[in-house]
Amino acid sequence: MLATALRIEAADGCGATVSDIDLARVSDADVATLRQALFDHGALFFRGQSITPEQHIALAEKIAPIDVNRFFPAAPGYPVIAKVEKTAEQTTNIGGGWHTDHSYDIAPAMGSVLVARDLPPEGGDTLFADMYAAYDTLDAETKAQIAGLRAVHGSDHVFGEKGVYAQTDQPELAKGGVETPETVHPVVIRHPGSGKAVLYVNPSFTLRFEGQTREESLPLLMKLYAHAMNPAHVHTLVWEPGMVAIWDNRATWHFAKNDYHGHYRLMHRITLAGCELEAA
Ligand code: SIN
């Protein structure tokens, strides 16, 4: 199958919008184009799609092997699709803080493919922040301060038996007995696909700098986080029915807004396997 004449246009702040493509039938050449665009832009947004769970799985598998998330409940009948769901009765959403998926893993997820299945009448947007820009726009002194630093990441404080979700009305996300060792990654990584330097710490899963306590680490972490949240480098994705977003977890953060209480929202997520990360 020949590549279609898909169009890629940079989106405000972070990511790119891809049009003139049907994700239900992508060619190998399209996938190669999309993968490169993902590495370059960090996130890709597709309007007007209508893919089945089977087509969602097929699309994900063309991009990378699937890395099944060990905390999220699966969509009924589809063990590789994670359900990102909030009912009209619940007050806690999933992913409602800045994060990048699976940074607590030794080989963090390369990306995620999210499909809108059921949207609230308004709200429920997802924010994406550009971590290439976050690094590039740091001042020289901060770049020198973080060069060579490594950071410890973990998931117990979020998904553990005593973690954040255990205290909420989404307690099924809290998993006792799931092996979640802490993991160390460079603070500035060389992106495995683009070769560019990326800031790789995030507010949800980064615990501290290696060799420092959390208290010692917090001032610099908070400074990096505030810098990375610069609205100039953030895109607000307003979902439409059937829409798909694919993001690169090494190049972006994301944040699911929780501003639609009393309404149902269901997204289907497939996480894509990545590799161990090297310092820039
Ligand atoms: C996530 O963090 O993967 C969920 C994003 C969303 O629901 O918009």
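The values are calculated or read from the model by the stated rules, or taken from the named source; none is laboratory data. Everything quoted here is computed from the prediction, not taken from an experiment. Side chains included, ligands, DNA and RNA excluded: accessible areas come from the protein's heavy atoms. Shrake-Rupley method; radii C 1.70, N 1.55, O 1.52, S 1.80 Å.
The slack between Asp118 and Ala74, meaning 0.36 nm per residue of separation minus the straight C-alpha distance, is 14.3 nm.
When you restrict to C-alpha pairs under 8 Å that are six or more residues apart and normalise by the size of segment 7-272, the relative contact order lands at 37 percent.
Within the same chain, lysines fewer than 8 places from Lys83 are excluded, and of the rest, those with a Cα less than 23 Å from its Cα are Lys62, Lys162, Lys175, Lys257. In order along segment 160-175, the Karplus-derived 3J(HN,Hα) couplings, from 6.51 cos²θ - 1.76 cosθ + 1.60 at θ = phi - 60°, round to x, 4, 10, x, 4, 5, 4, 8, 10, 8, 10, x, 5, 7, 7, 10 Hz, and Gly and Pro are given as x.
Where does segment 161-215 land on the Kirkwood hydrodynamic radius, alpha-carbon pairs, in angstrom? With all distinct Cα pairs of segment 161-215 included, I get 13.9 Å. Straight-line cross-link reach from Lys143 at under 19 Å between alpha-carbon atoms covers these aspartates and glutamates, not counting any fewer than eight positions away in the same chain: Asp130, Glu210, Glu216, Glu278. Shown for segment 210-260: the carbon plus sulfur share of the solvent-accessible area, taken with all protein chains present and a 1.4 angstrom probe, equals 61%.
Projected onto their three principal axes, the Cα atoms of the chain cover extents of 50, 41, 32 Å, largest first. Taken over the Cα atoms of segment 96-203, the convex hull encloses 146 Å³ per residue.
When all protein chains stay in place and ligands, DNA and RNA are ignored, the 1.4 Å accessible-area order of His102, His41, largest first, is His41, His102. Multiplying the residue separation of Glu216 and Glu278 by 0.36 nm and subtracting their alpha-carbon distance yields 19.9 nm.
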